[in-house]
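Each value in this text was obtained by applying a stated rule to the coordinates, not by laboratory testing. Keep in mind that what you see is a predicted model, and the values were worked out from it rather than measured. Every residue, glycine among them, receives a Cβ derived from its backbone with ideal geometry; neighbour counts consider all protein chains shown.
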């Protein structure tokens, strides 16, 4: 068995209907995990699960709203019942939110971004951690952003949520290291996901690409490679830390 063989493991991936989440779900399934793919978009989620199954993997779709604690409890219960336990989780679901200066930021936009991008990760871990401890241990990766460590004009809610996610990750990792539950975060730069490419004109996408020293934006598969490493036994001495996949963005 290789260190990144996830055979016998059950994994939750939130925000799995597209982009980074879909890539992670596909890679985990290709490496042998039973994947519980969660999202609010039923049609897109079903498509992701079909593609995984058509490729020989094992996946199950579960509608879940990360901003609702009861929904996240139900997701974990479903994973345990379906897969016989919970061993891996990727808290990836997130939204961009409005782009406005902090002084005019819409209050409903602030609440929605914090509810999904920060509270949603807490609700996920609140139920994932006890389930993993009961299974003898596990690994969680929370998807932050480069904006977990630097600012960005017009994105106060997103930046605050992603910074907060890092503190939450570190505190939770310390709380549960003794239960063999490792918890880390990753910080992607701008990635070619539908969230980005469907909402920005090509000129703006080209401008974003130029901000990365490597001269392009990243791919979902490049993020998935890092996430799956951190989930694997090859990262057995890594917990409570934050790992960038940013094409040099934050080194400037």
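Got a sec? How would 127, 158 order by Cβ neighbour count within 10 Å, fewest to most?
In increasing order of surrounding Cβ atoms, one gets 127, 158.
Given the rule -39500 (n - 2.57) for each run of at least 4 DSSP H residues, summed and divided by the residues of the chain, what is its mean residue ellipticity at 222 nm, to the nearest 500 deg cm²/dmol?
Value at 222 nm, helices only: -13500 deg cm²/dmol.
Could you identify which residue out of 124, 207, 94 has the top mean-square fluctuation in a GNM of the chain using Cα springs shorter than 10 Å?
Most flexible of the set in this elastic network: 207.
With springs only between Cα atoms under 10 Å, which of 169, 197, 76 fluctuates most in a Gaussian network model of the chain?
Its mean-square fluctuation being the largest, the pick is 197.
I need the per residue convex hull volume for the chain, using only the alpha carbons, in cubic angstrom as a whole number.
Given the Cα convex hull of the chain, per-residue volume reads 123 Å³.
Give the separation of the Cα centroids, the stretch 6-38 to the stretch 93-136, in Å.
20 Å
On a 0 to 90 degree scale, rounded to 10, what angle separates helix 220-231 from the longest Cα axis of the chain?
50 degrees
If we count other beta carbons within 10 Å of each Cβ, what is the order of 27, 100, 203, fewest first?
Result, fewest neighbours first: 203, 100, 27.
For a quick size check, give me the Cα extents of the stretch 1-107 along its three principal axes, largest first, whole Å.
In descending order, the Cα extents are 54, 29, 26 Å.
Taking a ≥ b ≥ c as the square roots of the eigenvalues of the Cα gyration tensor of the stretch 113-186, is the shape rounded (a/c under 1.5), prolate (a/b larger than b/c) or oblate?
Judged from the Cα gyration tensor, the stretch 113-186 comes out prolate (a/c at least 1.5, a/b above b/c).
Shape of the stretch 157-227 from its Cα gyration tensor (a ≥ b ≥ c, root eigenvalues): rounded if a/c is under 1.5, otherwise prolate when a/b > b/c, or oblate?
prolate
Compute a Gaussian network model of the chain, connecting alpha carbons closer than 10 Å, and tell me which residue from 130, 188, 101 fluctuates the most.
It is 101.
Quick one: helix 120-134 against the long Cα principal axis of the chain, what's the angle to the nearest 10°, folded into 0 to 90?
With rounding to tens, the tilt is 20 degrees.
Quick check: from the Cα gyration tensor, does the stretch 73-162 come out rounded (a/c under 1.5), prolate or oblate?
Prolate.
If you average the alpha carbon positions of the stretch 200-252 and of the stretch 71-89, how far apart do those two centres end up, in angstrom?
So the two Cα centres are separated by 28 Å.
Compute the helix-to-body angle for 69-83: its Cα long axis versus the longest principal axis of the chain, expressed 0 to 90° and rounded to tens.
40 degrees
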